[in-house]
Amino acid sequence: VFIHGKKGIVKAVFGWPAIHTRIGNDKENQPKTENLWLDCGARNRKEVEDLGIHIGAVVTYQDGFDELANGNLVGRAFDNRIGGFMIAEVARLLKENKKTLPFGLYVVNAVQEEIGLRGAEMIARRIKPNIAIVTDVTHDTTTPMINKNIEGDVSTGKGPSLAYAPAVHNKLLGFVEQVAKDQQIPVQWRALSRSTGTDTDSFAYANDGCPSVLISIPLRYMHTTVEMLHKDDIENTIQLMYETLIQLTPKTNLSYL
């Protein structure tokens with residue numbers, strides 16, 4: 001791992017004793033926050049401080065990015081760095097293709113989604129959007145140990161996932177679905193109860209309510225350092241968001257009446 005200290009990055013490893021050195025009940029211990037430690041090679045407090053390590057220093061995994069067989073990409077924090085990449089690509093396509101939209105467009109990469117959707121909550125209050133198109137990752141349920149009966153049937157390489165959910169506006173969802181059909185973009189479907197667990201929930205219920213839709217990209221091994229995506233899903237998700245923006249107008253009817 002990398003310890004981000006006051007003098008720069010310090011390399012370290014997680015410490016965990018070999019099984020044949022653990023005695024009694026310790027043999028059954030599982031790694032937890034309270035029993036893990038980092039070994040950076042220092043053997044006393046002064047050596048630690050001399051390296052610039054301090055209480056509260058941020059620790060990140062040492063890892064990289066790689067491409068596996070059949071168009072699969074692997075790396076850390078695709079959730080949700082890939083979302084930031086895709087919305088940036090949508091903005092690039094709009095500019096390069098010289099598209100003029102008949103409405104104002106905010107491209108937002110919101111922070112703190114994992115700890116309470118706080119970035120989305122703040123930006124929704126500030127810009128007061130009329131429509132929100134949200135993108136995030138979703139589980140590839142063909143991953144071992146995931147129950148399709150609970151999580152649904154979604155797989156990498158088969159297109160972005162659309163969802164029915166309380167926070168998802170059905171008319172806007174239908175609009176996106178029609179765009180996908182017209183542009184021959186493959187999509188997959190999920191049904192979510194209560195919350196989506198994404199920034200969609202903040203936008204949908206902000207201010208006086210905001211018609212919102214969630215376009216997710218399937219991901220394997222979420223919240224690990226080896227998250228996995230498929231190239232085709234990235235391209236199709238970008239294309240679906242781009243085409244949706246092109247076809248939206250101020251006259252698009254989202255009324256249920």
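The values are calculated or read from the model by the stated rules, or taken from the named source; none is laboratory data. Just so you know, these numbers come straight off a predicted model, no measurement behind them. All Cβ positions, glycine included, derive from the backbone under ideal geometry; neighbour counts span all protein chains shown.
Key figures
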item: Tabulated pairs, the stretch 152-177, first among the charged types (D, E, K, R), second in a helix (DSSP H, G or I), C-beta under 8 angstrom, 6+ apart or interchain; result: K158/D233
item: Meets criteria (surrounded by fewer than 11 Cβ atoms within 10 Å (Cβ to Cβ), at pLDDT 95 or above and more than 23 Å from the chain's Cα centre (by Cα)) for K99; result: no
item: Matching residues, the stretch 221-237, being of a type in the set (V, I, T), surrounded by fewer than 22 Cβ atoms within 10 Å (Cβ to Cβ) and outside any loop (DSSP other than H, G, I, E, B); result: I234
item: Restricting the stretch 169-202 to residues that are in a helix (DSSP H, G or I) and under 21 Å from the mean Cα position of the chain (by Cα), the residue that is surrounded by the fewest Cβ atoms within 10 Å (Cβ to Cβ); result: L173
item: Those residues of the stretch 197-211 which are on the phi < 0 side of the Ramachandran plot and either among the polar types (S, T, N, Q) or not assigned by TED's automatic domain parsing to the domain that holds V108 (or both), in sequence order; result: T198, T200, S202
item: Which numbered condition R125 misses (of (1) surrounded by 18 or more Cβ atoms within 10 Å (Cβ to Cβ); (2) over 17 Å from M222 (Cβ atoms)); result: (1)
item: Cross-chain or 6+ apart pairs with Cβ under 9 Å, the stretch 75-97 first and in a loop (DSSP other than H, G, I, E, B), then at pLDDT below 95 and buried (at least 17 other Cβ atoms within 10 Å of the Cβ); result: R76/E227; A77/E227
item: From the options L192, L162, L245, L254, residue that is touching a His at 6+ places or on another chain (Cβ under 7 Å) and hydrophobic (A, V, I, L, M, F, W, C); result: L254
item: The stretch 102-122, subset outside any loop (DSSP other than H, G, I, E, B) and of a type in the set (G, A, S), residue surrounded by the fewest Cβ atoms within 10 Å (Cβ to Cβ); result: G119
